[in-house]
Amino acid sequence: MKNIFGVEIPAVKVFITDDGVQYFFWCPFCQRFHYHGTAGLGHRLPHCINQNSAFLGNDGYVLEEYTKKELRKLGLPTDYYEKRKKKKSR
Ligand SMILES: [Zn+2]
């Protein structure tokens, strides 16, 4: 994904909390986890507190789930997300 200046917005791979409510990833710039609601994968504004974070200069980041192949590599079950995501009831 690119920003309005045609610059690629960095993608980050997210884990999901056990209660299925939030995605999170380790931010190397802030040295802490950033959490985002599971309502939105894709482009998100950064939660960075480090003013020198590269994410702040790049219009944030794009949240992505791990692929099944990547999950297998990490030793996680391939239904990792499906199992945790809150069931939407209509
Ligand atoms: Zn950060």
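The values are calculated or read from the model by the stated rules, or taken from the named source; none is laboratory data. Only a predicted model underlies this, so the values are computations on that prediction, with no experimental measurement involved. Quick reminder, even Gly has a Cβ in these numbers, built from the backbone with ideal geometry, and neighbours come from all protein chains shown.
Points to keep in mind about this one:
- The set of residues in the stretch 38-58 being at pLDDT below 90, closer than 22 Å to Arg84 by Cβ and small (Gly, Ala, Ser) consists of Ala39, Gly40.
- For the stretch 2-14, the condition of being among the basic types (Lys, Arg), within 14 Å of the ligand (Cβ to nearest atom), at pLDDT 95 or above and not in a loop (DSSP other than H, G, I, E, B) holds for none of the residues.
- The number of residues in the stretch 31-56 being within 10 Å of the ligand (Cβ to nearest atom) and closer than 24 Å to Leu76 by Cβ comes to 5.
- Pro77 vs. criteria touching a Ser or Thr at 6+ places or on another chain (Cβ under 8 Å) and either more than 16 Å from the ligand (Cβ to nearest atom) or closer than 20 Å to Lys2 by Cα (or both): no
- Of all the listed residues (His47, His36), the sole one being touching a His at 6+ places or on another chain (Cβ under 6 Å), within 22 Å of Lys2 (Cα to Cα) and surrounded by 15 or more Cβ atoms within 10 Å (Cβ to Cβ) is His47.
- Residue count for the stretch 20-31 under the criterion of being surrounded by 14 or more Cβ atoms within 10 Å (Cβ to Cβ) and either out of contact with any helix residue (DSSP H, G or I) (no Cβ under 7 Å at 6 or more places or on another chain) or among the aliphatic types (A, V, I, L, M) (or both): the result is 7.
- Sole exception among (1) without any contact (Cβ under 8 Å) to a residue 60 or more places away in the chain; (2) outside any loop (DSSP other than H, G, I, E, B) for Phe29, by number: (2)
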